[in-house]
Amino acid sequence: MQTSFTAERLRDPDIASSNQVLRSCVHCGICTATCPTFLLLGDELDSPRGRIYLIKDMLETGRPATEEVVRHIDRCLSCLSCMTTCPSGVNYMHLVDHARSYIEQTYQRPWHERILRAALGAVLPRPILFRVALRGARVVRPLAALIPASGHLGRRLRAMLELVPGGLPTPSGVERPQIHRAHGERRARVALLAGCAQQVLAPQINEATIRLLTRSGVEVVIAPGAGCCGALTHHMGQHAAAMRSARANIAAWSSEIAGEGLDGIVINASGCGTTVKDYGFLFRAEAEPWRGNAAKVSALACDISEFLVQLGYGPARERPGLTVAYHSACSLQHGQQVTTQPKALLQRAGFTVVEPAEPHICCGSAGTYNLLQPEIAGRLRERKLGNLRATHPDLIAAGNIGCITQLNGGGIPVVHTVELLDWMAGGPPPAVLA
């Protein structure tokens, strides 16, 4: 694709990066075949190719974003299925992230949307605030039917209340800054990203991860100062907030690297993993030592399934006789290209693993997408659940808290992959199986 940015504009590192991405696109349209929104809506502008044209025009002219551009970019899930499909290697992720940041700088959203996005960006990355907000939402939830569903704001508020869990698990102490010592001889030392929303919604995921790793001879560090990875704000175009979160993590983990060292930075929420692995790109134009430290952090980052394969995971229990439908989170299969490891680990643990039809199509969670685009997210959820039910599983395993939350309530228990692996290696069974 030809572009016409001036030399002066190309001195901006974001414009320079987007220019390279745009020039790598050859207009083939193969991406449209695997795009969830194009699949549902049939609009070329709701496909990666259509959005690329919109972004190109917006960035080349330097004009403020228009309502049309914002509408179609907002509908993008950032599932990155198009990147897996693209034969030309177009890095759509970097392009659409730049577009979202540009939109937030140049477009005036309606007042209620500005408030909503600001609230999500402030609350979700902070576990204490998120827990308080959920408790308040549980009080309001019975009144959800009274909210008018005719407007976009009303539908969003209803969608938020529908996702509020009936009860909140007891907070866990494992995510506090500390060192979880390895059992027996230490084989490795890793930092664990404790996350933000996951601490509130499913603390058992971090508990299972720490049990499994320490039992396998791995020392697990919860580094002081580390927190939200920045993905939630990054994908809403809140660039400054995302960079603050990333900077805090880089500082915390760099201190550990300079101290006793780290053999990995383990992440058990794949949406977070995709972002942390991209820290090197996000800090490419920063001064040292930030640029170098960000690159080191990205190089050490790995999904829990990647690390367990390297570690040589093995079960300690008899085969459970259960069939597990593996749901491959988009951020894991498309964002990180981690596809075989989780299934291989589940099979090694003794489960019969099945995969649904259309495994490449998003479930509709996508960070805050199911809150901001509830109609599309709802259609994708039902499509995904239908495909999962068709495999007749005993339970569903996934590697991302967003997907687990989205698929819950569909009639089949949904657990994190690491919960099953921990159980088969000597840990307690997941609570949902009780």
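Partnerless cysteines in the chain, where a partner means another cysteine C-beta under 4.7 angstrom, comprise C25, C28, C35, C76, C86, C302, C363, C403.
Rounded to the nearest whole Hz, the Karplus-based 3J(HN,Hα) values (6.51 cos²θ - 1.76 cosθ + 1.60, θ = phi - 60°) of region 417-423 follow the sequence 3, 5, 5, 6, 5, 5, 4, with x at glycine and proline.
Each Lys and Arg contributes +1 and each Asp and Glu -1, all at the Cβ; summed about the Cα centre of the chain, the dipole is approximately 660 debye. Quick check: pseudo-label points 7 Å beyond the Cα along Cα→Cβ at R126 and A431, how many nm apart are they? Going from the R126 label point to the A431 one covers 2.5 nm. Sequence-ordered 3J(HN,Hα) estimates for region 277-294 from the Karplus curve with 6.51, -1.76 and 1.60 and θ = phi - 60° stand at 5, 9, 4, x, 5, 4, 9, 4, 9, 7, 6, 5, x, 4, 4, x, 5, 4 Hz, glycine and proline given as x. The three principal axes of the Cα atoms in region 78-137 give end-to-end lengths of 48, 26, 15 Å, sorted in falling order. For region 304-393, what % of the accessible area comes from carbon and sulfur atoms, probe 1.4 Å? Here carbon and sulfur together make up 48 percent of the probe-accessible area.
All other residues whose Cβ lies under 12 angstrom from that of L163 are scored, Lys and Arg at +1 and Asp and Glu at -1, for a net of +4.
The apolar share of the surface of region 233-297, taken as the fraction of accessible area on carbon and sulfur atoms (1.4 Å probe, ligands and nucleic acids excluded), comes to 56 percent.
Per residue, the accessible area of the chain comes to 41 Å², computed with a 1.4 Å probe over protein heavy atoms only.
Remark: region 280-434 carries a charge dipole of roughly 140 debye about the Cα centre, counting +1 on each Lys and Arg Cβ and -1 on each Asp and Glu Cβ. Across every direction, the projection of the convex hull enclosing the Cα atoms of region 1-125 has a mean area of 8.2 nm². Proximity of backbone amide H atoms, modeled 1.01 Å from N, is registered between V354 and V324, A325, Y326 at under 5 Å, excluding neighbours fewer than 5 places apart on the same chain. The HN-Hα couplings worked out from phi for region 300-317 by the Karplus form 6.51 cos²θ - 1.76 cosθ + 1.60 (θ = phi - 60°) are 7, 5, 7, 6, 4, 5, 4, 5, 5, 5, 4, 6, x, 4, x, x, 10, 10 Hz, whole numbers, x standing for Gly and Pro.
The stretch between I115 and M1 holds 37.3 nm of extra length on full extension. This uses 0.36 nm per residue minus the Cα-Cα distance. Kirkwood hydrodynamic radius computed over region 6-47 comes to 12.1 Å, based on all pairs of distinct alpha carbons. Estimated from helical segments only, the mean residue ellipticity of the chain at 222 nm is -14500 deg cm²/dmol, where each DSSP H run of four or more residues counts as -39500 (n - 2.57).
Extending 7 Å from the Cα toward the beta-carbon at both A145 and A16 defines two label points whose distance is 5.9 nm. The long axis of helix 111-123 is offset from the longest Cα principal axis of the chain by roughly 30 degrees. Peptide packing for 222-235, 167-180 was compared via the average number of neighbouring C-beta atoms within 10 Å per residue; ordered from the highest value, the list is 222-235, 167-180. Only Lys, Arg, Asp and Glu carry charge here, each on its Cβ (+1 for the first two, -1 for the last two); on that basis region 10-110 has a dipole of about 140 debye about its Cα centre. Within the shell of other residues whose beta carbon sits under 9 angstrom from the beta carbon of A144, the net charge comes to +1, with Lys and Arg scored +1 and Asp and Glu -1. Once C-alpha pairs closer than 8 Å and six or more residues apart are averaged by separation and normalised to the residue number of the chain, the relative contact order reads 14 percent.
The values are calculated or read from the model by the stated rules, or taken from the named source; none is laboratory data. Worth saying up front: this structure is predicted, and the values here are computed from it rather than measured. Don't worry about glycine lacking a Cβ; one is built from the backbone with ideal geometry, like all the others, and counts go over all protein chains shown. What goes into the accessible areas is simple: the full protein's heavy atoms, side chains included, and nothing from ligands, DNA or RNA. Shrake-Rupley method; radii C 1.70, N 1.55, O 1.52, S 1.80 Å.
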